[in-house]
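The structure appears right after this line, and notes come after that.
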Amino acid sequence: MRTFSEDPGALLGKYRDQAAHGMTSVGLCGNHGAECAMDGGEVVVNWTGETDLERAMAAYVEAGFTEPVQWLMGRDTFKFAKQFGEPGSDEYAAAYAGVIRGVLARGEQEGWPEIIFQPVDEAFEHRDRFERMIIEMRILQDLGVPVEADGMNGRPAGLDEAFPLIDYFNFHDGPFLTRGVYDTNDWRDFQERVNAAGKSIWFYNVEISCHRPENARFSQGFHLWNTEVQGAFTWSYQSYVPEPYGLNEKRKFVFMHRFPAMGEEPGGPSIGFEALRGGI
């Protein structure tokens, strides 16, 4: 949600820009930002209208998006729940579920679109996160909310265990059960299993560089049509780096689908951003 502008409308501008480039949803990443407390065994979430999640969802609605939002949750729900017990305990589950109920109640009150919850980022590849992801997905499933997981093909061990808990499978790069290894029969078998269960497959980060238009156009166009998956995400719209126009000698990732106006630079869309729209 960080921007290069102090303008309070900068976040809305980001979303409108993405909508104008053919995006139908936004992948949120971060904390809900609300203060939480336990009062008489019930979780109280203090919504102010200015928390991170409230601001993001308000801008999302105002930008005209109506599809569900995929939310990669920050750590504040985890940190709050951990005060009352370790992940896996009844106390942890009750506190965690209480926060989620607070989010759902606020969404109903404000007319937010449905939220698809992703409790942990890339937990298959980063195995120290895997057990907590399973615990939290079970809590979310018990609440009846849709759940997403990403990066299963980084290290696919545990996919069978997690399968019943996942509604949206978000694969890195494309149709690979193991990243970098394409097996047509294995992929088709898995896709049929997902379809039979009424679940969905997405891809993410097929092309992230912002400067390779052919790859960007392919990633959002023919690639999705050919593989018959339901959507694609790209990380990210705009990195926050101090000097987006400076030399990048260490070749660090700089994701800049729209460059900001800075100094003598007028800013504007990258060629990759325009190619994403072309693909769509």
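The values are calculated or read from the model by the stated rules, or taken from the named source; none is laboratory data. Values in this document were obtained by computation on a predicted structure and should not be read as measured data. Heads up, the Cβs are rebuilt from the backbone with ideal geometry, glycines too, and the neighbour counts pull from every protein chain shown. When the accessible area is computed, the model is the full protein with side chains, heavy atoms only, and any ligands, DNA or RNA have been set aside. Shrake-Rupley method; radii C 1.70, N 1.55, O 1.52, S 1.80 Å.
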Would you pick out the residues in region 20-54 that are assigned to a strand (DSSP E or B) and over 21 Å from Tyr204 (Cβ atoms)? Glu35, Cys36, Ala37, Met38, Asp39, Glu42, Val43, Val44, Val45, Asn46
Applying the selection to region 156-177, what residues are more than 20 Å from Ile116 (Cβ to Cβ) and open to solvent by less than 20 Å² (accessible area, probe 1.4 Å)? Gly174, Pro175
Checked Met152, Met57 against criteria (assigned to a loop (DSSP other than H, G, I, E, B) and within 20 Å of the chain's Cα centre (by Cα)); the one match is Met152
Please go through region 107-143 and pick out each residue that is part of a loop (DSSP other than H, G, I, E, B) and under 19 Å from the mean Cα position of the chain (by Cα). Trp112, Pro113, Glu114, Pro119, Val120, Asp121, Glu122, Ala123, Phe124, Glu125, His126
For Thr3, all conditions in the list (1) among the β-branched types (Val, Ile, Thr); (2) surrounded by 16 or more Cβ atoms within 10 Å (Cβ to Cβ); (3) touching a residue at least 60 places away in the same chain (Cβ under 8 Å) hold save one; what is the number of the exception? (2)
Can you name the residue in region 36-81 that is in contact with a Pro (Cβ under 7 Å, 6 or more places away or on another chain) and open to solvent by 70 Å² or more (accessible area, probe 1.4 Å) and, of all such residues, is farthest from Gly151 (Cα to Cα)? Thr66
So, first residue open to solvent by 70 Å² or more (accessible area, probe 1.4 Å) in region 262-280, second residue assigned to a strand (DSSP E or B) and at pLDDT below 95, Cβ within less than 9 Å, six or more apart or across chains; the pairs are Glu265/Phe259; Pro266/Phe259
Show me the helices (runs of 4 or more DSSP H) found entirely inside region 179-280 where at least 1 residues are out of contact with any helix residue (DSSP H, G or I) (no Cβ under 6 Å at 6 or more places or on another chain) and of a type in the set (Ser, Thr, Tyr). 184-196, 213-220, 222-227
If you take the residues of region 9-33 that are more than 17 Å from Tyr240 (Cβ to Cβ) and surrounded by fewer than 16 Cβ atoms within 10 Å (Cβ to Cβ), which of them is nearest to the chain's Cα centre (by Cα)? Thr24
Scanning for something in contact (Cβ under 8 Å) with a residue 12 or more places away in the chain, β-branched (Val, Ile, Thr) and farther than 14 Å from Val103 by Cβ, does region 55-77 turn up at least one residue? yes
Filter result (under 21 Å from the mean Cα position of the chain (by Cα) and either open to solvent by less than 20 Å² (accessible area, probe 1.4 Å) or touching a residue at least 60 places away in the same chain (Cβ under 8 Å) (or both)) within region 82-101: Tyr96, Ala97, Val99, Ile100
Among the residues of region 226-236, is any modelled with pLDDT of 90 or more, more than 23 Å from Gln118 (Cα to Cα) and either open to solvent by less than 40 Å² (accessible area, probe 1.4 Å) or not aliphatic (A, V, I, L, M) (or both)? yes
Here is a list of conditions, (1) open to solvent by 60 Å² or more (accessible area, probe 1.4 Å); (2) in a helix (DSSP H, G or I); (3) under 19 Å from Ser236 (Cβ atoms), and Leu104 meets all of them except one; can you say which number that is? (3)
Phe163 being part of a helix (DSSP H, G or I) and without any contact (Cβ under 8 Å) to a residue 60 or more places away in the chain: yes
